[in-house]
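The values are calculated or read from the model by the stated rules, or taken from the named source; none is laboratory data. Source: prediction; values computed, not measured. Neighbour counts are summed over all protein chains in view; Cβ atoms, including those assigned to glycine, are modelled from backbone coordinates with ideal geometry.
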Amino acid sequence: MLTIEWSATEGWQAPLIKPFGNMSLHPACSSLHYGVQTFDHSELLECIRRLVEIDQDWVPHSDSAGLYIRPTFISTEPSLGVKKPGHALLYVILCQAGSYFNNEAEALSLWADPKYTRAWEGGTGDCKMGGNYGCSLLAQYEAVDYGCQQVLWLYGEDHQITEAGTMNIFLHWINEIGEEELATPPLDGIILPGVTRQSILELTRKWDEFQVTERYLTMSQLCSALKQQRVREMFGSGTACMICPIGHIVYQGENLHIPCQDKNTQLTSRIAKELTDIQYGRIHSDWTFLV
Ligand SMILES: *Cc1c(COP(=O)(O)O)cnc(C)c1O
């Protein structure tokens, strides 16, 4: 593991790569990154590069698995008070992870209940902060109780579609004015700015085959598009699953069936293929970072 300690008096200490070990963490103040100066980004990338180099024998040589790199930044303040941290730790651990994406896998089912809110304006929903995830579990358990796999997070009185579980969400459809469009909600403070989301936007914009838009989407827009058969596909995106097709949404007592295209026209398979081709160096891309 890579560890880099920070304290208010001494600032950032020298990065250390050491054997993986247990850590005792202060339970109440994980991810209080506010008030701490950030560690230099390119320096961190170099430290992670070195960590991966040391552990290179663990990198799976397979299309269906990868090395998961998990950087975490926590407060290690040895006190119970809720205050600006004086001590913090940035650490990076690695593990092998299998691919979630499987062409044969059944599409996801989502539970959409407006009584739950994942993130709100002025909150921390647009950061990967520990506190955002603990409180999402209640809704997740309810989704499972109702036979669904994940929560579809809605927002506001018009039931805006925001995210699915811990994934960004995309809708491929014929929009209200008859254009073919791939749409995802805009980064207005309540959406996690996922790197997979950004990659999909950049890829599909480069294809230049349909509109690619960051816009608001509401449940009523989705329901009327479903009735008028204007929906082609819906999917979630995130590092772990890459891309995950959505098959059903349970909303206000109705089980909405989301169509899937056949294998040859499916956008999810096409995007997944292109992203893995980039990751495995089969297509050249300036996103690749050589270790
Ligand atoms: C991690 C996460 C995502 C996906 O982000 P990636 O950078 O693509 O992995 C989307 N939404 C939420 C809420 C997340 O926590």
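The single condition from (1) over 19 Å from the mean Cα position of the chain (by Cα); (2) surrounded by fewer than 19 Cβ atoms within 10 Å (Cβ to Cβ); (3) at pLDDT 90 or above that L90 fails is (2).
Might you let me know whether segment 111-129 holds any residue that is away from the ligand (no atom under 16 Å from the Cβ), in contact with a Ser or Thr (Cβ under 8 Å, 6 or more places away or on another chain) and not hydrophobic (A, V, I, L, M, F, W, C)? For segment 111-129, residues away from the ligand (no atom under 16 Å from the Cβ), in contact with a Ser or Thr (Cβ under 8 Å, 6 or more places away or on another chain) and not hydrophobic (A, V, I, L, M, F, W, C): absent. A Cβ distance below 8 Å, combined with a sequence gap of six or more or placement on separate chains, defines the contacts here; from segment 167-184, residues that are under 25 Å from G125 (Cβ atoms) reach residues that are hydroxyl-bearing (S, T, Y) and away from the ligand (no atom under 16 Å from the Cβ) in the pairs E181/T213; L182/T213; A183/T213; T184/T213. Quick check on C260: is it modelled with pLDDT under 95 and of a type outside the set (D, E, K, R)? Yes. Residues considered: P193, P186. Of these, the only one that is out of contact with any Leu (no Cβ under 7 Å at 6 or more places or on another chain) and under 19 Å from Q160 (Cα atoms) is P186. Taken over segment 188-222, the criterion of being closer than 20 Å to R118 by Cβ, within 16 Å of the ligand (Cβ to nearest atom), surrounded by 18 or more Cβ atoms within 10 Å (Cβ to Cβ) and of a type in the set (A, V, I, L, M) is satisfied by I190, I191, L192, L217. Being acidic (D, E) and touching a Cys at 6+ places or on another chain (Cβ under 8 Å) holds for only one residue in E106, E121, E77, E176, and it is E77. For segment 156-187, taking the residues that are outside any strand (DSSP E or B) and under 16 Å from the mean Cα position of the chain (by Cα), the one that is surrounded by the fewest Cβ atoms within 10 Å (Cβ to Cβ) is identified as P186. Residues that are on the phi > 0 side of the Ramachandran plot, surrounded by 15 or more Cβ atoms within 10 Å (Cβ to Cβ) and within 16 Å of the ligand (Cβ to nearest atom) occur in segment 240-263; there is at least one.
Restricting attention to segment 133-176, the residues being at pLDDT 95 or above, aromatic (F, W, Y) and within 11 Å of the ligand (Cβ to nearest atom) number 1.
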